[in-house]
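Trainee: This structure is in structure tokens; I'll ask about it shortly.
FYI, it's all coordinate maths here, none of it is from the lab. Owing to the predicted nature of the structure, the values given are computational and were not obtained by experimental measurement. A quick note on method: Cβ atoms are made from the backbone with ideal geometry, for glycine too, and the neighbour counts reach across all protein chains shown.
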Amino acid sequence: MGTRRLTGRIVRLGLLSLSAVTVATLTASPAQGDPADPALPPIQPARILPLPPELDPGFYNPPAEVVAAAAPGEILAARQVNIANFGLIPLNVDAWQVSYRSNNSRDEAIAAVATLLKPRGVSPTPRKLLSVQIAEDSTAGYCSPSYALQQFSVAPFVGQIVAPIEFLFAQAALQKGDAVVIPDHEGPNSAYAAGPLAGRITLDGIRAATSFAPLGVGAGAPVAMYGYSGGSMPTMHAAELRKTYAPELNIVGAASGGTGADLGAALLMANNQATSGLVFAAVLGLAREYPDFNALLDRKLDPVGQVLRAVKAPFCVQYQSALLPFLNITGMINSPDPLREPAVRAMLEDTRLGKSLPDMPVFMWHSRWDEILPLASADQLVDTYCQDPKAQVTYTRDWASEHIVAEVVGGPAALMWLFDRLNGVPAQAGCSTTDSPSMLGTPGELQTLGDTIGETLASFFGKPIGA
């Protein structure tokens, strides 16, 4: 009996000690890093059942005065989260969400949220960081990556099919021991396709990640950015904005595929086509960030357009794309030439890429037969960058794909290129353009793809990622 009591006391003491260590870990502050960093808020424990942003305003929409008082990238709140593949299969990594201050495209203070992931195992200090801009392509908060990637979220089952699939690319970095940040780059109003907004949120998400001591990525750590399609716009706007908006960040490379360089060209390409449902969602998202454009839609969108505007607003990408394709989008705007309306022209000019040369190496790829985002716009963007002798652009046009397949065959090549930059391998000087029969033929790509898939499958059975 005495042995049982003694054993019970030892167990209780052990549990108390473990709890103390856990609390200390969860509430670790940036004092471990740069003493000048602002104090990290207490880290809240993970919820078993996550709430979508619509039901979690305290975290996603803190008081405006609190947001305005913070510096861009400053963390306002932090919590642990449980991450899972396809909303069900838990991933054996450390994961947090941070709410932080950013700026919209008019440089007004807004709150933003990002997901931070740290692999298991030991990594050199500081740990390298990959910022993955997932193509949210939706106009509702529950479609955001921060919710869709959590265990037991319903988003993958109600239309957000892109985030769980693109998350596999982020896992390739975790498997190598690098940390990952995934921003909700559409912001608090789900402003789909608003590139300058998304670029700022992306850069401030990197600032937040590098100041979050538990992640192990300090100021000055090498950072790379990846984005495809709806993720290409935040990635490339961030690349263009870095030198003026966040010059202190050590961003060593940006990879962008299926790049949305010119939204006007994308709209004209989609008009009356199967992809018009997805592009109309971008029209809705842009109206949330550009007040003059929103006012024009209020005045000039015909009754059918107004009904569609209300009906489509609550949907994620799968249903945004599938609901009523073959729309005559320009025909729903009562104007002889909608793209020449001043509010439309101003919005299209603000979201157009190519106004500034990224001061980092860039990897771009595009399907020769892309049916959603025009190849000609990507070609023009590369030509614009490469007029500057300081440009470093590696550009590939894939001839054996369309828009979706191009990410599958080109994404691993882009990640290989980014991993070289993170490891300090210099990028090729100048500009190069290659027409490839298939990017699957890129040396080392099939092995990278196979290793990533193999490690992901192993994680389904609880294997620690990055150990």
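Trainee: Report the local net charge at Ser377: Lys and Arg +1, Asp and Glu -1, summed over other residues whose C-beta lies under 11 Å from its C-beta.
Mentor: My count for the surroundings of Ser377 gives -3.
Trainee: Roughly what angle does helix 303-312 make with the longest principal axis of the chain, taking Cα atoms, 0 to 90 degrees, to the nearest 10?
Mentor: 20 degrees
Trainee: Right, next: Using a 7 Å offset from the Cα along the Cα-to-Cβ direction at both Val311 and Ile89, what is the distance between the two label points in nm, to one decimal?
Mentor: 3.7 nm
Trainee: Determine the calculated [θ] at 222 nm for the chain from helices alone, applying -39500 (n - 2.57) to every DSSP H run no shorter than 4 residues and normalising by the residue count; nearest 500 deg cm²/dmol.
Mentor: Estimated from H runs of four or more residues: -12500 deg cm²/dmol.
Trainee: Take the alpha-carbon positions of the stretch 155-209, form their convex hull, and give its projected area averaged over all directions (one quarter of the hull surface) in nm².
Mentor: So the mean shadow area of the Cα hull is 4.5 nm².
Trainee: Along the Cα→Cβ direction, 7 angstrom out, place labels at Ile453 and Glu65. What is the inter-label distance in nm?
Mentor: Inter-label distance under the simple model: 5.6 nm.
Trainee: Return one number: the angle in degrees, 0 to 90 and rounded to the nearest 10, between the long axis of the Cα atoms of helix 276-287 and the longest principal axis of the Cα atoms of the chain.
Mentor: 80 degrees
Trainee: A follow-up question, please. Scale the Cα Rg of the stretch 263-351 by the rule-of-thumb value 2.2 N^0.38 Å and send over the ratio, two decimals.
Mentor: Taking the Cα Rg and dividing by 2.2 N^0.38 Å, one obtains 0.98.
Trainee: If you don't mind, another one. Which listed residue (Ser131, Ala427, Val180) has the Cα farthest towards the positive end of the charge dipole for the chain, taking +1 on Lys and Arg C-beta and -1 on Asp and Glu C-beta about the Cα centre?
Mentor: Of the listed residues, the answer is Val180.
Trainee: Could you tell me how many degrees, from 0 to 90 and to the nearest 10, lie between the Cα long axis of helix 342-351 and the main elongation axis, the longest principal axis, of the Cα atoms of the chain?
Mentor: That works out to roughly 50 degrees.
Trainee: Shifting gears a bit: Ranking Glu54, Glu341 by Cβ neighbours within 10 Å, fewest first, what do you get?
Mentor: Lowest to highest Cβ neighbour count: Glu54, Glu341.
Trainee: Still on this structure: What dipole magnitude, in Debye to the nearest 20, does the chain give about its Cα centre under +1 on Lys/Arg Cβ and -1 on Asp/Glu Cβ?
Mentor: That gives the chain a dipole magnitude of about 1680 debye.
Trainee: If eta is 1.306 mPa s and T is 10 °C, what Stokes-Einstein diffusion coefficient results for the chain, Kirkwood Rh from Cα pairs, in µm²/s?
Mentor: Answer from the Stokes-Einstein relation: 70 µm²/s.
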